[in-house]
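The values are calculated or read from the model by the stated rules, or taken from the named source; none is laboratory data. As the structure is a prediction and not an experimental result, all values here were calculated from the model. With ideal geometry, Cβ positions are generated from the backbone for all residues, glycine too; neighbour counts draw on all protein chains shown.
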Amino acid sequence: MQAWLERIVFRRAWLTFAVMVAAFLAFGAGTYNLFIVLQANVELIAEHGWQALADGAAQQFVELMITAVASMAAYVLFKACENRLVQRLCDPKKVH
């Protein structure tokens with residue numbers, strides 16, 4: 001993944017910026033209301049136990065965790081692009 005980013009994305013400032021914007025939007029969409037829904041899910045499981053898990057709360061919890069992991073991956077990609085763009089702006093000679 002790192003080699004692909006270096007070879008394809010980071011060599012072009014405009015593409016780095018475009019990927020950064022897409023990653024920012026993905027992070028925002030993935031985290032929107034995530035904590036409220038996660039809290040409600042945990043409260044439902046705590047209140048109704050096995051019945052809530054059997055009715056789909058367990059599946060929803062797993063889906064929320066996958067969303068959280070995907071959101072963090074988007075955030076890491078955003079920060080990598082941001083770092084590369086800042087390096088390019090501050091010292092263009094050091095960037096490939």
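Results, tabulated for the structure shown:
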{"item": "Qualifying positions in region 38-64 - of a type in the set (S, T, N, Q) and loosely packed, with under 15 Cβ neighbours inside 10 Å", "result": "39, 51, 59"}
{"item": "Residue match in region 19-29 (condition: assigned to a helix (DSSP H, G or I), more than 16 Å from the chain's Cα centre (by Cα) and without any contact (Cβ under 8 Å) to a residue 12 or more places away in the chain)", "result": "no"}
{"item": "Top-ranked residue in region 45-94 [being among the basic types (Lys, Arg) and in a helix (DSSP H, G or I); ranked as modelled with the highest pLDDT]", "result": "79"}
{"item": "Test: residue 56 is among the small types (Gly, Ala, Ser), touching a residue at least 12 places away in the same chain (Cβ under 8 Å) and over 18 Å from residue 2 (Cβ atoms)", "result": "no"}
{"item": "Subset of region 65-94 that is hydrophobic (A, V, I, L, M, F, W, C) and surrounded by 16 or more Cβ atoms within 10 Å (Cβ to Cβ) - its residue that is farthest from residue 6 (Cα to Cα)", "result": "74"}
{"item": "Qualifying residue in region 20-34 (condition: among the β-branched types (Val, Ile, Thr) and either over 30 Å from residue 89 (Cα atoms) or at pLDDT below 90 (or both))", "result": "yes"}
